[in-house]
1. Modelling each spin label as a point 7 Å along the Cα-to-Cβ direction, I'd like the E260/D45 distance in nm, to one decimal.
2. Using only helices, what value at 222 nm comes out for the chain when you add -39,500 (n - 2.57) per DSSP H run of length 4 or more and divide by the total residues, to the nearest 500 deg cm²/dmol?
3. What number, in percent, do you get for the relative contact order of the range 257-321 if the mean sequence gap of Cα pairs under 8 Å and at least 6 apart is divided by its residue count?
4. With +1 on each Lys and Arg Cβ and -1 on each Asp and Glu Cβ, how big is the dipole of the chain about its Cα centre, in debye rounded to the nearest 20?
5. Once both labels are modelled 7 Å past Cα along the beta-carbon direction, what's the D130-A330 spacing in nm?
6. Please build a GNM for the chain, connecting alpha carbons under 10 Å apart, and tell me which residue among A293, A113, A127 fluctuates the most.
7. Considering the dipole of the chain built from charges on the beta carbon (Lys and Arg +1, Asp and Glu -1) around the Cα centre, which of P316, L242, Y272 is farthest to its positive end?
8. How large is the Rg to Rh ratio of the range 169-249 when both quantities use alpha carbon positions and Rh follows Kirkwood?
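The values are calculated or read from the model by the stated rules, or taken from the named source; none is laboratory data. Worth saying up front: this structure is predicted, and the values here are computed from it rather than measured. For neighbour counting, all protein chains shown are included, and Cβ atoms are generated from backbone atoms with ideal geometry for every residue, glycine included. What goes into the accessible areas is simple: the full protein's heavy atoms, side chains included, and nothing from ligands, DNA or RNA. Shrake-Rupley method; radii C 1.70, N 1.55, O 1.52, S 1.80 Å.
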Amino acid sequence: MSEPKVSVVIPMYNVEKYLDTCVQSVRKQTLQNIEIILVDDGSPDRCGDMAEEYAKQDLRIRVVHRENGGLGPARNSGMEVATGEYIGFVDSDDWIEPQMFEELYNAATQHNADICFSGMQCMVDGAKGDRNVNPFADQVLTGQEEIFRLRRSFYGPLPNRQKWDPVPVSVWTAVYRRSLIVNNNLRFRNIRSEDKFFNTAACKAASVITAIGETRYNYRCDGQSSITRTFSERMVDSYLELFRELLTMAGSENPTYRNECLLRARRGVIDYTRVACQTIAGSRISQVQKSRAMRKMVDDVSVCVSVIGYPFWKLPIPQAVFAGLLRMKATWLMLSLAGLKVAL
């Protein structure tokens, strides 16, 4: 068989319930000349065995077994064996529409683009939720000045009334030229929100980026178990690590872009702290443990640096209230308000 046009990397961990829907959606792509790489990240369920069965049914499927190491390293293992002209990613609890990779590949090759982005469709219990169209649809960005208009969103939104930036940060909405990944040694970091760091590095290395308006990726927003919804002591540390690395990455930007990136990163820290607060408030740990976890966050230097002097009054009202309380380190009030939101 000729070189695959797209290698699709699918990391798997404890998703036996959803895996078949995901894999079958990739097998049914209208772009037939693809390679499907199933990465068993030491999954404790039947994912590894199911992957081997799929490989017997479809010669396009390759299976990689590895010790559990996290989503980022699992994707790296898939990229290391990929042979396609482009590489795409699908999370194993999601699924895609049949035209997705054909549309991404055609747009990428038409414009000789290193990366082609699209949008996504949120799915809640089988029903369509928010539809996120890429705001750069039908545009071709060349050179770092134009590309910065897209990649700056990966740091976070500016201080304005928008709840979030409309540019999707997730890698599963895109395809990446494999030579771009290989020549620039692009890898996922084993860190929370690893897509931010991968996409920032990939966009910096790219010469041409384009986007399409389709939303063929179905992102499952059901209440399935997820690291983003579960509290643990490690969760707080992972957020604080993300904050430090995000601010460091923003600070290392070209002086032309640095101030804007730092401003966006500071809002990113504030918004993520609010998400963490909601997770802590909704967890089953004791009030003392909740207070201790929240205190650890508000006392961290990366949070303090982000919130002091930040124009929080420009934010949407819920975020503005939270940012004001965060600046005052009013942990009890933050947890109380977050608890009400979780309950509702």
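1. If labels sit at E260 and D45, their model points lie 4.3 nm apart.
2. Rounded to the nearest 500, it is -15000 deg cm²/dmol.
3. Once divided by the residue count of the range 257-321, the mean separation gives 40 percent.
4. Working: 43 positive and 40 negative charges, 319 e Å.
For this selection, approximately 1540 debye.
5. 2.6 nm
6. A127
7. P316
8. Ratio of gyration radius to Kirkwood radius: 1.01.
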